[in-house]
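*Asks:* Below you will find the structure I want to go over with you.
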Amino acid sequence: MKNKSFLIVANWKMQLSFKQTLQFCTNYHKQFISISNLPHKKIVLCPSFTALYPITQLFSNTALAIGAQDCSRYKMGAYTGQVSALSLAQLGCSYCIIGHSERRMYCHESDQEIAEKAVRLLEQNIQPLICIGESKHEYEQQQTKAVLERQLEPLIPVIQHITHAHDILVAYEPIWAIGTGTIPSTEYLTTTFTWLEQYLKKRLPLHTAILLYGGSVNEQTITHIANIQKISGLLIGGASLNFKKFNNLISLL
Ligand code: PGA
């Protein structure tokens, strides 16, 4: 696996306070920089909004990239509490997670809204990391492909229209695998990722899709997941909050 390229995205969610995030990044500053220089690995850290500016400053002029966990669907205006893609770009973010299942669930985000966020990000040259995934019930009812297709469909014209040169990043995160320690079988992942790759090739023939997996990536599961040929990135929640664990994961790739 050593020569396989991986995009590794740490999603810190709201697990660390502003001060804890700064402390984490300051304590492991050298180590974060050194993992970001590993061949074939691209590391993206996604702290909460409030920590974005100091963290982009801390790692400016390094290979480490910084991403946000969400952005507004609107350009600017009277949208209390929202953060624009323009501001994210000004802060130095080069990636932004959109459509995470926790936002779909707790903030009732629709597929259309997520597509609008992608437009805002692409306008600012920020790479959207589009999260998709089915619930346990949908998985049990064998509705995975239909759900993924429904989630992706509004994004297709957006991507076709705005950007021809961009890679597109799609993270498949089965909701039932997030934070549970349970991951799908190799067969299931192979089938799903093969389908996803073919679907995107058909719908977006001019783009290159980079496919990530997220949901309970840890020291026990990472090799199994990363060995799946179509998976070229990982979105890591819990296991990215401890530097030693995160570093071990990366060393296993
Ligand atoms: P987890 O979270 O690695 O803690 O399962 C992944 C995610 O929600 O992106």
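*Asks:* Within region 117-129, count every residue that is in contact with a Ser or Thr (Cβ under 9 Å, 6 or more places away or on another chain) and either farther than 15 Å from Cys46 by Cβ or surrounded by fewer than 18 Cβ atoms within 10 Å (Cβ to Cβ) (or both).
*Replies:* Residues in region 117-129 being in contact with a Ser or Thr (Cβ under 9 Å, 6 or more places away or on another chain) and either farther than 15 Å from Cys46 by Cβ or surrounded by fewer than 18 Cβ atoms within 10 Å (Cβ to Cβ) (or both): 4 in total.
*Asks:* Moving to a separate point now. Every residue in region 225-253 that is within 14 Å of the ligand (Cβ to nearest atom) and either at positive phi or among the polar types (S, T, N, Q) (or both), please.
*Replies:* Result: Ser240, Asn242.
*Asks:* Scan region 165-194 for residues that are in contact (Cβ under 8 Å) with a residue 60 or more places away in the chain, touching an Asp or Glu at 6+ places or on another chain (Cβ under 9 Å) and over 15 Å from Ile222 (Cα atoms) and jot them down.
*Replies:* Ile175
*Asks:* Being in contact with an Asp or Glu (Cβ under 9 Å, 6 or more places away or on another chain), within 11 Å of the ligand (Cβ to nearest atom), closer than 29 Å to Gln15 by Cβ and of a type in the set (Val, Ile, Thr): is that true of Ile222 here?
*Replies:* In short, no.
*Asks:* Can I ask one more? Under 6 Å between Cβ atoms, at least 6 apart or on separate chains: pull out the pairs that start in region 93-116 with a residue that is farther than 16 Å from Met14 by Cβ and end on any residue that is part of a loop (DSSP other than H, G, I, E, B) and within 15 Å of the ligand (Cβ to nearest atom).
*Replies:* Ile114/Gly99
*Asks:* Return the total of residues in region 198-228 being assigned to a strand (DSSP E or B) and more than 15 Å from the chain's Cα centre (by Cα).
*Replies:* 1
*Asks:* Continuing with the same structure: Give the residues of region 1-33 that are farther than 23 Å from Ile225 by Cα and surrounded by fewer than 13 Cβ atoms within 10 Å (Cβ to Cβ), sorted by residue number.
*Replies:* Passing the criteria: Met14, Ser17, Lys19, Gln23, Thr26, Asn27, Lys30.
*Asks:* Shifting gears a bit: Which of the residues spanning region 171-197 are assigned to a loop (DSSP other than H, G, I, E, B) and away from the ligand (no atom under 16 Å from the Cβ)?
*Replies:* Ser185
*Asks:* Tell me, which helices (runs of 4 or more DSSP H) lie completely within region 69-168 with 2 or more residues that are on the phi < 0 side of the Ramachandran plot and modelled with pLDDT under 95?
*Replies:* 111-123, 155-162
*Asks:* Let me ask something else about it. If I ask for residues that are within 13 Å of the ligand (Cβ to nearest atom), surrounded by 24 or more Cβ atoms within 10 Å (Cβ to Cβ) and farther than 13 Å from Arg120 by Cα, which ones from region 84-110 would you list?
*Replies:* Of everything in region 84-110, those that are within 13 Å of the ligand (Cβ to nearest atom), surrounded by 24 or more Cβ atoms within 10 Å (Cβ to Cβ) and farther than 13 Å from Arg120 by Cα turn out to be Gly99, His100.
*Asks:* Same structure again: Can you find even one residue in region 148-170 that is within 14 Å of the ligand (Cβ to nearest atom), crowded, with 17+ Cβ neighbours inside 10 Å and among the aliphatic types (A, V, I, L, M)?
*Replies:* Yes, region 148-170 contains at least one residue that is within 14 Å of the ligand (Cβ to nearest atom), crowded, with 17+ Cβ neighbours inside 10 Å and among the aliphatic types (A, V, I, L, M).
*Asks:* Confirm whether Tyr213 is of a type in the set (Phe, Trp, Tyr), in contact with a helix residue (DSSP H, G or I) (Cβ under 8 Å, 6 or more places away or on another chain) and within 17 Å of Ala10 (Cβ to Cβ).
*Replies:* Yes; evaluated as a whole, the condition is true for this residue.
*Asks:* Only residues that are out of contact with any Lys or Arg (no Cβ under 9 Å at 6 or more places or on another chain), closer than 20 Å to Glu149 by Cβ and among the β-branched types (Val, Ile, Thr): list them for region 162-190, please.
*Replies:* Hits for region 162-190 are Ile168, Val170.
*Asks:* I'd like the residue in region 202-219 that is of a type outside the set (Gly, Ala, Ser) and under 21 Å from Trp176 (Cβ atoms) and, out of all such residues, is farthest from the ligand (Cβ to nearest atom).
*Replies:* Leu211
*Asks:* Please work out if Thr194 is at pLDDT 95 or above and surrounded by fewer than 21 Cβ atoms within 10 Å (Cβ to Cβ).
*Replies:* For Thr194, the condition - at pLDDT 95 or above and surrounded by fewer than 21 Cβ atoms within 10 Å (Cβ to Cβ) - is met.
The values are calculated or read from the model by the stated rules, or taken from the named source; none is laboratory data. Predicted, not measured: the structure shown is a model, and the values here were computed from it. In this analysis, Cβ positions are derived from the backbone assuming ideal geometry, glycine residues included, and neighbour counts consider all displayed protein chains.
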